[in-house]
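Presented below is the structure to which this report refers.
Derivation of every value follows stated rules applied to the coordinates shown; laboratory data play no part. Model, not experiment: these values are computed from the prediction. When we count neighbours, we look across all protein chains shown, and the Cβ atoms used for this are built from the backbone with ideal geometry, even at glycine.
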């Protein structure tokens, strides 16, 4: 009799506690469903087109186009450059240093309503023409133009996001962006 009561008590205790213990199979199944939903969230991507124009006296002197595909919230980069060798010590012909000149573009898009918010960094550099009066051994002079902007642009509409005057000439640099959502 004592044994039957102990057994009944044990069965009642297990029956009472069983619902309190999570079912590991259903917990894993629920986790699998949640992560599948997260993984199935569609990725949003953008086609970002940048036009860098050089303008003087109202006339376009030069225009360069760059295009990148970028996922929402993920940085994209373009690097177009040359490495220039510079002699660092005129008395030692074996001492050189390298300097990159060209175009660097970094862009991170973030969707915002009917447009996209962009974090854009553009830097272009080059070697300035050598002064005719400078001795031939003079190291080259580099010029860099850099901007960091955070515009919000409407999809499909070209938008001027930066305009910078050259400090040495009457030239101006303009950066225009067009963003398109890719489905």
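So, by mean Cβ neighbours within 10 angstrom, what's the order for 148-161, 88-101 with the highest one leading?
148-161, 88-101
The slack in the chain from residue 71 to residue 183, taken as 0.36 nm per residue of separation less the alpha-carbon distance, amounts to 39.2 nm. By the beta-carbon count within 10 Å of each Cβ, the least crowded to most crowded order of 173, 124, fewest first, is 173, 124. Peptides 65-71, 113-119 ranked from most to least packed give 113-119, 65-71, packing being the mean of other C-beta atoms within 10 angstrom over each peptide's residues. Sequence-distant contacts, meaning Cα pairs under 8 Å at least 6 residues apart, place the relative contact order of the stretch 64-183 at 18 percent. Remark: the residue 60-residue 141 segment gains 26.7 nm on full extension, using 0.36 nm per residue and subtracting the alpha carbon distance. Note on residue 95 and residue 168: with the Förster distance fixed at 30 Å, the Cβ-Cβ geometry gives a FRET efficiency of about 0.55.
Given their separation in residues at 0.36 nm each and the Cα-Cα distance between them, residue 111 and residue 80 gain 8.4 nm when the chain is fully extended.
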